[in-house]
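Derivation of every value follows stated rules applied to the coordinates shown; laboratory data play no part. The structure presented is a predicted model; accordingly, all values stated were derived computationally and were not measured. Positions of Cβ are backbone-derived with ideal geometry, glycine not excepted, and every protein chain shown enters the neighbour counts.
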Amino acid sequence: MDRYSRQILVANIGESGQQKLLRSRVLLVGCGALGTVIANNLVRAGVGYIKIVDRDCVELDNLQRQMLFDEEDVEKRMPKALAAANKLRRINSSIEIQAEVKDVTQKNVEWLVRDIDIVLDATDNLETRLLINDACFKHNIPWIYGAVISSCGMTMNIIPGETACFRCLLPYVPAPGSALTCDTAGVLNAIPTVIASLQSNEAIKILLGDKHVNQGLLVIDLMDNSFEKIPVGKRDDCPLCRDRKFEYLDKKGLSEPIKLCGREMVQITPQREMEVSLEDLKEKLERVGDASYMGYLLRFSVDKYELIIFPDGRAFVKGVSDKETARSLYAKYIGV
């Protein structure tokens, strides 16, 4: 226990609390700016089992804010989950780290949360968060929402049966392209560190059974150093809290990408009805690549990829042959 001697001295932890952490099991969804900080904190704190799920590989522009990666990971095009796990095992070899290089879908999310004590959200899109929300509510597992953009970040503890759920916070999902993403608005490297540290600290408190956990939505903006706590109550018309309708587990979210035969192109189609403002999306995408609006579709080119986006949110992702990369690009630039 010498490794954790300073932590054991903290009030409400002690040796019994440390033993409890060593028996705890965490699922971390996403291993980017938020996820690398969360994983680093929890591994050093002695959480006994951490399952890291991420679909992406390390890229050069990740190094500005994703703390576990380096230039060698970029050169090798290492999957983020594997690169993180390799470094974390060198930090603390006494705990179990499981790396899963995959997308979180309706097909695997319930398997991923099986035998897990808490889920931490470090993903990059709302569809996955809504899926986590359904799965955690169904299996009575607490989870912690976290998101950052530009200089602003937010986090909220979601405990089934006790707090509002994510759908209470976000009754309606914005149309693709209507919300900013880190790839269109940027992100300071300090804000994910702040939000992820809060998430990991709240996770430790929840795992220890501490009642002094954050209530409601905590919003922080480092540009003006503002900290705001926003109460979030259960909505009377929430289909999940009220009726236990698992709409995202029942495949009401983003449809399975389709590999188009004979071409390096993947089609992604939202299943729910939506309307995208291609003119507004063009203005955002022009900041990071070449975008042209043709009245009925939007063409966007960045690096070696091209996205052809239609008003209903459907998109062709050209220059890719695997579905995971296509979904990642769709989430990065369209924002769902």
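Report the full-extension gain for the segment ARG77 to SER226: residue separation times 0.36 nm, less the Cα-Cα distance, to one decimal in nm.
Details: separation 149, 0.36 × 149 = 53.64 nm, distance 3.75 nm.
Residue separation times 0.36 nm, minus the Cα-Cα distance, leaves 49.9 nm.
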- [ ] Just report the Cα centroid separation between segment 31-97 and segment 208-234, whole Å.
- [x] 26
Open item on the list: Sorting check: for 140-148, 281-289, which peptide has the highest mean count of neighbouring beta carbons within 10 Å, and how do the rest follow?
Closed with: 140-148, 281-289
TODO: Calculate how steeply helix 323-333 sits against the longest principal axis of the alpha-carbon atoms of the chain, using the helix alpha-carbon long axis, and give the answer as 0 to 90 degrees to the nearest 10.
DONE: 90
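Work out the FRET efficiency for ARG23 and SER301 from their Cβ-Cβ distance, taking R0 = 51 Å, and round it to the nearest 0.05. Each step should come with its number before you reach the end.
On the way: r = 50 Å, r/R0 = 0.98.
Working from the Cβ atoms, E equals 0.55.
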Task: Paramagnetic reach from ASP210 (point 7 Å along Cα→Cβ, amide N under 16 Å) across segment 145-167 - done: 156-158
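Determine the gain in length on full extension of the stretch MET294-ASN140; use 0.36 nm per residue of separation and subtract their C-alpha separation, reporting nm with one decimal. Could the numbers behind the result be given before it?
Working: separation 154, 0.36 × 154 = 55.44 nm, distance 4.73 nm.
Between MET294 and ASN140, full extension yields an extra 50.7 nm.
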TODO: Determine, from the Cβ-Cβ distance of ALA185 and LYS107 and an R0 of 22 Å, the FRET efficiency 1/(1 + (r/R0)^6), rounded to the nearest 0.05.
DONE: 0.10
Open item on the list: Given a Förster distance of 35 Å, report the FRET efficiency between LEU170 and GLU279 from their Cβ-Cβ distance, rounded to the nearest 0.05.
Closed with: 0.90
Task: Helix axis angle, 80-91 relative to the chain longest principal axis, alpha carbon, degrees - done: 20
Open item on the list: For Rg and Dmax of the Cα atoms in Å, pick the label among [x] 27.4, 101; [y] 21.1, 74; [z] 19.8, 65 that corresponds to the value derived from the coordinates.
Closed with: [z]
Task: Net charge dipole size for segment 258-333 [Lys, Arg +1 and Asp, Glu -1 on Cβ; Debye, nearest 20] - done: 280
Open item on the list: Pairs of alpha-carbon atoms within less than 8 angstrom and 6+ residues apart define the contacts here; what relative contact order does segment 258-333 have, in percent?
Closed with: 34
Open item on the list: Can you show me the helix-derived [θ] at 222 nm for the chain, built from DSSP H runs with n ≥ 4 at -39,500 (n - 2.57) apiece and divided by the number of residues, rounded to the nearest 500.
Closed with: -9000 deg cm²/dmol
Open item on the list: Taking 8 Å as the Cα distance limit and 6 or more residues as the minimum spacing, I'd like the relative contact order of the chain as a percentage.
Closed with: 16
Task: 23 Å Cα-Cα reach of LYS102 towards lysines, excluding residues that sit fewer than 8 places from it in its own chain - done: LYS51, LYS76, LYS80, LYS87, LYS138, LYS251, LYS252, LYS259, LYS304, LYS318, LYS323, LYS332
